[in-house]
Amino acid sequence: MTSDSENKAGVRRVYLDHSATTPVRAEVMGAMMPYFAGQFGNPSSIHRWGREARAAVEDARAKVASLIGAAPQEIIFTSGGTEADNLAIRGTAWHKRSKGNHLITSSVEHHAVLHTCETLEKEGFKVTYLPVDKYGMIDPEDVEKAITDETILITIMHGQNEVGTIEPVREIGQIARRHGVTFHVDAVQSAGKIPIDVSDMNIDLLTMSSHKMYGPKGVGALYVRKGVRLSPQATGGSHERGLRAGTENVPGIVGFGEACRLAKEEMPEESLRLTRLRDRLIGGILDSIPDTVLNGHPTIRLPHHVNISFKFIEGESILLNLDLMGIGASSGSACTSGSLEPSHVLLAMGLPHELAHGSVRMTLGKGNSEEDIDYVISVLPPIVSKLRDMSVFR
Amino acid sequence: MYNDKVMDHFMNPRNVGEIQDADGAGQVGNPVCGDVMRITIRVEDGKIADIKFRTFGCGAAIATSSMVTELVKGLTLDEAMEVSNKAVAEALGGLPAQKMHCSNLAADALHKAIEDYRAKHPANSGA
Ligand SMILES: Cc1ncc(COP(=O)(O)O)c(C=O)c1O
Ligand SMILES: [Zn+2]
């Protein structure tokens with residue numbers, strides 16, 4: 001894909017922001033194309049056009065289900081990860097209102113979960129935000145201790161989007177099951193990257209997003225275990241088992257399905273390849289640049305995920321320099337978020353503000369090669385030393 | 001996000017460093033918000049004979065620091081005191097709105113350096 005491409009200045013281009021979004025794969029685009037104009041029917045229509053579209057949506061549903069060990073009827077298509085998180089959390093909270101008013105989540109969730117929980121607090125629910133250790137890892141024991149008679153939902157992410165740590169969702173699933181509490185997992189970053197089995201992991205609700213796995217943007221899914229009830233958040237027609245009204249995004253859903261099929265097929269090999277590249281990048285940076293620290297767990301982390309803090313310098317200034325060298329990355333610095341605070345995730349892990357501001361996230365993907373990694377490792381040291389020479393600190 | 005002038009000052013910052021035995025030094029910001037700027041000056045005949053900066057911060061923080069040093073070198077202390085953060089941003093051809101507050105404090109650092117000089121040299125602080 002992008003690995004060997006060069007822009008007009010002759011600078012190598014290396015996209016290292018696959019946790020933000022991924023390109024749509026050619027196979028996925030090919031699968032989608034017929035459903036824009038040729039087979040444009042509404043899946044709810046009974047005629048031929050409708051039936052064609054319906055068949056495509058159901059075929060995609062089976063592929064999405066297969067990636068996570070679910071049954072096709074347990075997949076509800078949404079407009080993306082954010083909507084699926086909202087449906088899972090608000091849908092459970094309002095459905096179970098008479099049974100209790102307490103939710104458990106963590107301090108390192110994505111804003112799609114955190115801001116939804118905060119909204120529910122304003123609406124009268126109580127929310128426990130669990131702490132994490134220095135790696136951003138949640139302790140399942142803390143989950144168990146937080147459960148009360150009022151607890152109706154535990155929502156914990158699988159792969160942490162900023163630091164890459166893989167949370168112990170299987171252990172938490174056992175606890176949730178033992179206590180009869182509904183368990184939601186935001187798997188936007190892990191789906192298609194590492195194995196997920198909703199039965200084995202005792203997951204009741206699971207969020208996925210297509211654009212993080214080489215599918216199109218604006219499509220996602222919520223897995224809803226058979227028998228789990230939710231209050232719909234968008235009301236209208238009886239689409240998606242009455243849980244999500246609105247005519248289906250047929251081309252998007254088809255693309256998402258194909259992306260899931262390919263991810264499942266390629267996962268064993270691709271996750272190994274990415275892990276090797278990841279460790280080459282981490283090792284290369286930590287070895288060649290002093291005063292750098294890896295954020296997130298050193299081994300229990302997503303195969304494509306690198307997050308490193310550079311002491312004494314600030315993230316945005318690193319990103320701007322990388323961008324000029326053709327490298328796209330992201331940062332947890334306040335100066336890149338437009339807010340006054342650096343990443344809530346890095347702060348929850350106990351990182352001092354300086355280190356949180358100096359964090360750079362590099363997330364690998366299909367298009368990246370070993371040469372890309374070596375290019376990044378060669379480009380970073382002079383950038384870092386130039387900025388450090390300029391810095392107030394050290 | 002940034003215009004060419006800002007990027008020029010960010011990539012090729014003017015007057016980076018720390019003046020040894022400076023006549024005045026000023027530092028603003030703190031690591032919590034992500035931008036810290038330090039300016040040191042040498043004063044001769046009531047004028048800023050030399051000025052250097054060190055900055056921990058984003059592109060805007062570095063570019064404004066660089067620009068303020070360029071703007072005030074050679075000015076009298078009174079003239080330099082008149083240079084505002086807003087004037088620095090204007091000299092750079094503007095900054096993104098979200099950068100106007102905590103990343104645009106270079107003039108404050110300069111003013112602190114001048115005040116530091118005046119506190120240490122009460123006799124010739126009129127200038
Ligand atoms: C962990 C996590 N949850 C949810 C989302 C939101 O997904 P979407 O962009 O599909 O709404 C993201 C995207 O950044 C994410 O990383
Ligand atoms: Zn800033």
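Region A:164-221: percent of C-alpha pairs farther apart than 13 Å?
So the portion of pairs separated by more than 13 Å is 61 percent.
Quick one: what does P(r) look like for region B:66-115 with 5 Å bins over all Cα pairs, in whole %?
4, 23, 35, 22, 11, 4, 0
Report, as a whole number in µm² per second, the diffusion coefficient that Stokes-Einstein gives for region A:49-121 at 4 °C and 1.567 mPa s using the Kirkwood radius over alpha carbon pairs.
In µm²/s, the coefficient is 90.
What distance in nm lies between label points placed 7 Å from Cα along the C-beta direction at A:Lys145 and A:Asp374?
It is 4.9 nm.
Taking the Cα atoms only, what angle lies between the long axis of helix A:48-67 and the longest principal axis of chain A, rounded to 10 degrees?
It is inclined by approximately 60 degrees.
Pairing the Cα long axis of helix A:315-324 with the longest principal axis of chain A, what angle in degrees results, from 0 to 90 and rounded to the nearest 10?
80 degrees
Quick check: residue separation of A:Lys134 and A:Met33 times 0.36 nm, minus the Cα distance between them. What number comes out in nm?
This chain segment gains 31.8 nm when fully extended.
Sum -39500 (n - 2.57) across every DSSP H segment of at least 4 residues in the protein assembly as shown, then divide by the residue count to get the 222 nm mean residue ellipticity, nearest 500.
Helix-only estimate at 222 nm: -12500 deg cm²/dmol.
Which percent, nearest 5, of DSSP beta bridges in region A:26-262 are antiparallel?
Counting DSSP beta bridges with both partners in region A:26-262, the antiparallel share is about 40 percent.
What percentage of the solvent-accessible surface of region A:26-262, computed with a 1.4 Å probe over protein heavy atoms, is contributed by carbon and sulfur atoms?
Accessible surface attributable to carbon and sulfur in region A:26-262 totals 53 percent.
Dividing the convex hull volume of the alpha carbon atoms of chain A by its residue count, what do you get in Å³ per residue?
It comes to 138 Å³ per residue, whole-number rounded.
For the interface of B with A, what's the total buried accessible surface in square angstrom, probe 1.4 angstrom, rounded to the nearest hundred?
Result for this pair: about 1900 Å² buried.
So how long is each side of region B:4-120 along the principal axes, counting just the alpha-carbon atoms, biggest first, in Å?
37, 28, 22
Please list, in order along region A:349-358, the HN-Hα scalar couplings obtained from phi with the Karplus expression 6.51 cos²θ - 1.76 cosθ + 1.60 (θ = phi - 60°), rounded to whole Hz, x for Gly and Pro.
Couplings: 7, x, 5, x, 3, 4, 6, 5, 5, x Hz.
Report, in listed order, any pair from B:Lys73/B:Lys112; A:Lys386/B:Lys47; A:Lys212/A:Lys264 with a Cα-Cα distance greater than 21 Å.
Long pairs (Cα-Cα over 21 Å): A:Lys386/B:Lys47.
How compact and how long is region A:226-355, expressed as Rg and Dmax of its alpha-carbon atoms in Å?
Just the Cα atoms of region A:226-355 yield Rg and Dmax of 20.6, 59 Å.
First select every other residue whose beta carbon is under 12 angstrom from the beta carbon of A:Gly136; then total the charges, Lys and Arg +1, Asp and Glu -1.
Summing Lys and Arg as +1 and Asp and Glu as -1 gives -3.
As I understand it, the value is the acute angle between the Cα axis of helix A:81-95 and the longest principal axis of the Cα atoms of chain A; what does it come to in degrees, rounded to 10?
Tilt of helix A:81-95: around 50 degrees.
What percentages, rounded to whole numbers, describe P(r) for region A:203-294 computed over all alpha carbon pairs with 5 Å bin width beginning at zero?
Result returned by the calculation: 3, 11, 13, 15, 15, 12, 9, 8, 6, 4, 3, 1.
Have a look at region B:25-64 and report residues whose accessible surface goes down by 40 Å² or more when the remaining protein chains are included, against the chain on its own, probe 1.4 Å, ligands and DNA/RNA excluded.
B:Pro31, B:Val32, B:Arg54, B:Phe56
Using only the alpha carbon atoms of region A:73-165, find the Kirkwood hydrodynamic radius as the inverse mean reciprocal pair distance, in angstroms to one decimal.
Evaluated over region A:73-165, this radius sits at 13.8 Å.
Note the full-extension length gain between A:Ile300 and A:Gln174 as 0.36 nm times their separation in residues minus their Cα-Cα distance, in nm to one decimal.
Extra length from A:Ile300 to A:Gln174 when fully extended: 43.4 nm.
Please state, rounded to one decimal and in Å, the Kirkwood hydrodynamic radius that region A:1-119 gives when every pair of distinct Cα atoms enters the mean of 1/r.
18.4 Å
Within straight cross-link reach of B:Lys120, meaning Cα distance under 20 Å, which aspartates and glutamates are found once same-chain residues fewer than 8 apart are removed?
List returned: B:Glu18, B:Asp21, B:Asp23, B:Glu44, B:Asp45, B:Asp50, B:Asp78, B:Glu79, B:Asp108.
Run through all the Cα pairs of region A:159-260 and give the fraction in each 5 Å bin from 0, expressed as whole percent.
2, 12, 19, 21, 20, 16, 8, 2, 0
Using the beta-carbon distance between A:Ser231 and A:Glu265 and R0 = 30 Å, what value does 1/(1 + (r/R0)^6) give for FRET efficiency, to the nearest 0.05?
The formula returns an efficiency of 0.25 here.
Accessible area per residue of region B:1-76 at 1.4 Å probe, in Å²?
Normalised by residue count, the accessible surface of region B:1-76 is 37 Å².
The values are calculated or read from the model by the stated rules, or taken from the named source; none is laboratory data. These numbers were taken from a predicted model, which means no experiment stands behind them. Cβ coordinates were reconstructed from backbone atoms using ideal geometry, including for glycine residues, and neighbour counts include every protein chain displayed. These accessible areas exclude ligands, DNA and RNA; they are computed on the full protein's heavy atoms, side chains included. Shrake-Rupley method; radii C 1.70, N 1.55, O 1.52, S 1.80 Å.
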